[in-house]
């Protein structure tokens, strides 16, 4: 188990090095940082001074190492647009995105898994058919469309929910949370649903498919022959055996939720990292883009590590060897 | 085989004392407007401590009979006729809830493949205690644990209290089948349905598992229905044997009589196809043709197209089991001749 952890951590480091390499390329080779910072009217001396100050006179490999060193402590340089350290911009935006992604993940799991179990147990029931049909819609509708439809119904027509922003937030240390105020929670509803619809549909279909597969397994028939209650057969034995592939996919999906959040944040003007990166792309703000790239890479790697550790908890067969 | 003939219950039990008594069982699979008859007119009984071997080719209906007995017929299969009595009490018409109460409690089951019969994600101890506590709700978890360890010891697992905490993948195939047997015993059943319990195992392990089943039948007085396609297994442990062909019971009787003096041409053909140990035959005897598929069974005696002794009566009339020599056979050869 320790060795498994060690291998996983090594691969985490390798992946992060590759991601840093990409992010370094974005930072250094897309456009000229000197031009980007000083503008076109600067003198040659000023340019040379900045070149030395930024370390651009050093060999590329040295520059890369210094980039990695700084990135490791969260220093991604200064945003071209706001003239603020990139890390400060990111930290202000991070809570909004993470809270949205967390809410969407929980919603997807809490709705998707029970619906998957239900449709697997009653495959011919009317409710199952309705749920299956709706989930097909959920999988095929583009997110921005769902978001705009929600706004149209609940903000424009019914005037129940605000169409943009996070509502009131509360500051806890450097973390600003919208989870502690009514307006904050209300503001979270529509973006969460928009972000979660696809995941709910997918998790539901996955759980259903896996459970139907497990129902055919010999050990389920034997569990029934042992006289166990339906509850024990389905919810203890069948469900736990269905969850392994679900964990894998949910892990990957949380990663992509962070990426999908860009669209949702744009639709709802949610002040998170997605909105930040959209603005950065418009202004060719390369340090922000480089930092965002590193952040997304880091999120994926961390989630994958957590997924691997969860495997060890759920499946005893992974623990030996 | 000597022990089988020496054992007192080699004769069929009196219906009153039989643990299991099946009469005229018929299982159908309704498919569209038609109903495919998978087994028909199957009657037999098993006494306390007796091992009844049920032998036949794949698709003859042996496993299906077993599934019907534990109430686990897969839909749309259903019992269309006949009765099943367990210790004198009719069980085939019980509601599902009542049937589940019998399952694992009064009727235990052992399946073919021990590698896939156990849930891989739970320790064998957990699977044992959950089964024990389902059937004996009054037991505390400590008592259930104690009982589970006793069961593991009883089926020949060394160091049971350590093994209790291990997962199925940490056991060999033979050991897993012992655990499956321990699980089947957890409810203290009167009857165990063992469906091909040794087919997936090495020959040397097979002998151990069979010896274990035999010991359990003797020491616990449990009735065992042993489904197999292996005559060697039957000869090894069974007291009586029932031979199935195309959904019907063609012959039933004490093992030694069926093996040595078969009265049904199909049984005789089966026995002739066992290679003798004494000499190397030129060519293995075989029954020509193959068993018809479900749904395309011939009229009359289902065996008549392959039977060398068939006459006109076999094509039109369906024989039933009747005493013939030392066994019971469903063949007109012993019921007034095959001529119409």
| request: Take peptide B:119-127, look around each residue's Cβ out to 10 angstrom, count Cβ atoms belonging to other protein chains, and average those counts. | output: 5
| query | Using alpha carbons only, what's the Rg to Rh ratio of region A:144-257 with Rh from Kirkwood? | reply | 1.18
| note | Rg/Rh of region A:1-114 (Cα atoms, Kirkwood Rh), to two decimals, equals 1.12
| query | In whole angstrom, how long is each semi-axis of the equivalent ellipsoid of chain B, when you take the square root of 5 times every eigenvalue of its Cα gyration tensor and sort them from largest down? | reply | 36, 23, 18
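Output needed for the protein assembly as shown: three equivalent-ellipsoid semi-axes, defined as square roots of 5 times the C-alpha gyration tensor eigenvalues, in descending order, whole Å.
Its equivalent ellipsoid spans semi-axes of 71, 27, 24 Å.
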| Measure of compaction for region A:43-99 (Cα Rg per 2.2 N^0.38 Å) | 1.41
| message | Given all pairs of different Cα atoms, what value in angstroms does the Kirkwood hydrodynamic radius of chain A take? | response | 22.6
| message | Rounded to the nearest angstrom and ordered from largest down, what semi-axes does the equivalent ellipsoid of region A:171-321 get from its C-alpha gyration tensor (root of 5λ)? | response | 39, 19, 14
| remark: Length gained if residue B:326 through residue B:218 is fully extended, taking 0.36 nm per residue and subtracting the Cα-Cα distance, is 36.4 nm
| For B:98-111, what's the mean count of beta carbons from other chains sitting within 10 Å of each residue's beta carbon? | 3
| task | Starting with the highest mean, order B:227-237, B:303-313 by the number of other Cβ atoms within 10 Å, averaged over the residues of each peptide. | result | B:227-237, B:303-313
| query | Given chain B, what percent of its DSSP beta bridges are antiparallel, to the nearest 5? | reply | 60
| query | In nanometres, what is the gap between the two model label sites at residue A:30 and residue B:96, each 7 Å from Cα along Cα-to-Cβ? | reply | 5.8
| By how many nm would the segment from residue A:110 to residue A:231 lengthen if fully extended, with 0.36 nm per residue of separation less the alpha-carbon distance? | 41.7 nm
| query | Under a GNM of chain A (C-alpha, springs under 10 Å), which listed residue has the highest mean-square fluctuation: A:12, A:197, A:233? | reply | A:233
| task | Please report, to one decimal in angstroms, the Kirkwood hydrodynamic radius of region A:258-321 built from all distinct Cα-Cα pairs. | result | 13.8
| Space enclosed by the convex hull of the alpha-carbon atoms of region B:228-331, per residue, Å³ | 109
| message | For region B:34-131, compute Rg over Rh where Rg is the Cα radius of gyration and Rh is the Kirkwood radius from the inverse mean 1/r over Cα pairs. | response | 0.98
| request: Quickly work out the residue B:286-to-residue A:92 label distance, labels modelled 7 Å from Cα along the C-beta direction, and quote it in nm with one decimal. | output: 8.5
| Isotropic mean projected area of the C-alpha convex hull, region B:171-212 (nm²) | 3.0
| remark: Taking alpha-carbon centroids only, region A:262-321 lies from region B:153-208 a number of Å equal to 48
| message | Could you identify which residue out of A:302, A:60, A:310 has the top mean-square fluctuation in a GNM of chain A using Cα springs shorter than 10 Å? | response | A:60
| Label-point separation in nm, residue A:122 to residue A:302, each point 7 Å along Cα→Cβ | 4.1
| task | Using only the alpha-carbon atoms of region A:205-283, report the extent along each of the three principal axes, biggest first, to the nearest angstrom. | result | 66, 17, 14
| message | Helix-only mean residue ellipticity at 222 nm, the protein assembly as shown, DSSP H runs n ≥ 4 weighted -39,500 (n - 2.57), per residue, nearest 500. What is it? | response | -16500 deg cm²/dmol
| P(r) weight above 20 Å for region B:168-265, C-alpha pairs, percent | 41
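FYI, it's all coordinate maths here, none of it is from the lab. Note that this is a predicted model, so its numbers are computed, not measured. Quick reminder, even Gly has a Cβ in these numbers, built from the backbone with ideal geometry, and neighbours come from all protein chains shown.
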